[in-house]
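Before we start, here is the structure in question, set down as structure tokens.
The values are calculated or read from the model by the stated rules, or taken from the named source; none is laboratory data. Note that the coordinates shown come from a computational prediction; the quantities given were computed from them, not determined experimentally. Virtual Cβ from ideal backbone geometry, glycine too; neighbours counted across all protein chains shown. Accessible surface is based on the protein model in full, side chains and every heavy atom, while ligands, DNA and RNA are left aside. Shrake-Rupley method; radii C 1.70, N 1.55, O 1.52, S 1.80 Å.
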Amino acid sequence: EGHFLEPNGAWTRVLGYDESELMAVPFVELVHPEDRAATLAATATLQAGGDVISFENRYRCRDGTWRWFSWQASPDLAEGRIHAVAVDVTERKLAEAQIHAALTLQRAILRSAEYAIITTDSRGGICVFNRAAKRLLGWTEAEMLGKSPEVFHDQREIAARAEALSRELGRPIPPGLEVFVARARNG
């Protein structure tokens, strides 16, 4: 019927309710309003005999704050029960939100800078090509994503740089992507 039957001590400690309070209300009343539809869908899966693995939602604590939980649940159709284990993932979710905010800010700064900024991934594929780079070189970010910076450099200059770096670093540097990353790889 949608009520907790046997909440354990960890559950009551984390949420701040005593056992009788948790059992007195349908569990969905404690679920964050934005998570209720997904929670009811996961519950329907369980009622139909399916398992739910790594389902995440928020529960209201007695003090009015919200905690994130990752659930694993299995139905016991013969008993008419659902057995579930939840792990508090609030700190991970907060850290993910901070990382997302920082990356969003970083992308905004990179894309709006007045200087051409082009970054590559570890394989040399372009992953940021800001508006100033577009103005300077004529390609859009969409056209350049995943491509090597070699495409907008003079091949003779790349070959000359490879020779100079080979002498400077004391090892052969082939013309190509290594010209752009050899010094960074050496620290």
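Restricting attention to the stretch 60-109, and to residues there that are of a type in the set (D, E, K, R) and assigned to a loop (DSSP other than H, G, I, E, B), which single residue is surrounded by the most Cβ atoms within 10 Å (Cβ to Cβ)?
Here is the first cut: in the stretch 60-109, the ones of a type in the set (D, E, K, R) are 60, 62-63, 67, 76, 79, 81, 88, 91-93, 96, 107.
Keeping just the survivors that are assigned to a loop (DSSP other than H, G, I, E, B) gives 62-63, 79.
On the way: Arg62: 13, Asp63: 7, Glu79: 9.
Only one residue tops the list, namely Arg62.
Now a separate question. Please specify each residue of the stretch 1-31 satisfying the condition of being in a loop (DSSP other than H, G, I, E, B), in contact (Cβ under 8 Å) with a residue 40 or more places away in the chain and closer than 18 Å to Asp88 by Cα.
Of the residues in the stretch 1-31, the ones in a loop (DSSP other than H, G, I, E, B) are 1-2, 4-8, 16-18, 25.
If we keep only those that are in contact (Cβ under 8 Å) with a residue 40 or more places away in the chain too, we end up with 2, 5, 16-17.
Selection gives Gly16, Tyr17.
Scanning for something in a loop (DSSP other than H, G, I, E, B), farther than 27 Å from Leu103 by Cα and either open to solvent by less than 50 Å² (accessible area, probe 1.4 Å) or in contact with a helix residue (DSSP H, G or I) (Cβ under 9 Å, 6 or more places away or on another chain) (or both), does the stretch 159-172 turn up at least one residue? Even if it seems obvious, please write down each step before you answer.
Filtering the stretch 159-172 for residues in a loop (DSSP other than H, G, I, E, B) gives 170-172.
Now restrict to residues that are farther than 27 Å from Leu103 by Cα: 170-172.
Subsequent filtering for residues that are either open to solvent by less than 50 Å² (accessible area, probe 1.4 Å) or in contact with a helix residue (DSSP H, G or I) (Cβ under 9 Å, 6 or more places away or on another chain) (or both) retains 171-172.
Yes, there is a match, as at least one residue in the stretch 159-172 is in a loop (DSSP other than H, G, I, E, B), farther than 27 Å from Leu103 by Cα and either open to solvent by less than 50 Å² (accessible area, probe 1.4 Å) or in contact with a helix residue (DSSP H, G or I) (Cβ under 9 Å, 6 or more places away or on another chain) (or both).
Another question, if that's okay. Of the residues Thr140, Thr104, Thr120, only one is over 30 Å from Pro7 (Cα atoms), among the hydroxyl-bearing types (Ser, Thr, Tyr) and in contact (Cβ under 8 Å) with a residue 40 or more places away in the chain; which?
Working: Thr140 fails: in contact (Cβ under 8 Å) with a residue 40 or more places away in the chain; Thr104 fails: in contact (Cβ under 8 Å) with a residue 40 or more places away in the chain.
Criteria check complete, one pass: Thr120.
Considering only the stretch 38-59, how many residues are under 20 Å from Leu22 (Cα atoms) and open to solvent by 60 Å² or more (accessible area, probe 1.4 Å)?
1
Determine, yes or no, whether Ala133 is of a type in the set (A, V, I, L, M, F, W, C), touching a Gly at 6+ places or on another chain (Cβ under 9 Å), open to solvent by less than 70 Å² (accessible area, probe 1.4 Å) and at pLDDT 90 or above.
Numbers: of a type in the set (A, V, I, L, M, F, W, C): yes; touching a Gly at 6+ places or on another chain (Cβ under 9 Å): no; open to solvent by less than 70 Å² (accessible area, probe 1.4 Å): yes; at pLDDT 90 or above: yes.
No.
Only one residue in Glu150, Glu114, Glu143 is in a helix (DSSP H, G or I) and either touching a helix residue (DSSP H, G or I) at 6+ places or on another chain (Cβ under 8 Å) or open to solvent by less than 50 Å² (accessible area, probe 1.4 Å) (or both). Which one?
Numbers: Glu114 fails: in a helix (DSSP H, G or I); Glu143 fails: either touching a helix residue (DSSP H, G or I) at 6+ places or on another chain (Cβ under 8 Å) or open to solvent by less than 50 Å² (accessible area, probe 1.4 Å) (or both).
From the options Glu150, Glu114, Glu143, the qualifying one is Glu150.
On the basis of being on the phi < 0 side of the Ramachandran plot, open to solvent by 70 Å² or more (accessible area, probe 1.4 Å) and under 30 Å from the mean Cα position of the chain (by Cα), does Glu19 make the cut? Don't jump to the end; show me each part of the working.
On the way: on the phi < 0 side of the Ramachandran plot: yes; open to solvent by 70 Å² or more (accessible area, probe 1.4 Å): yes; under 30 Å from the mean Cα position of the chain (by Cα): no.
So Glu19 does not fit the description; no.
Contact list please: Cβ distance under 6 Å, first residue in the stretch 32-60 and under 13 Å from Asp76 (Cα atoms), second residue in a loop (DSSP other than H, G, I, E, B), pairs at least six apart or on different chains.
Pairs that qualify, where the first residue is under 13 Å from Asp76 (Cα atoms) and the partner is in a loop (DSSP other than H, G, I, E, B), are Gly49/Leu77.
Applying the selection to the stretch 24-45, what residues are closer than 13 Å to Phe69 by Cα, under 23 Å from the mean Cα position of the chain (by Cα) and of a type outside the set (Val, Ile, Thr)?
Within the stretch 24-45, His32, Asp35 meet the criteria.
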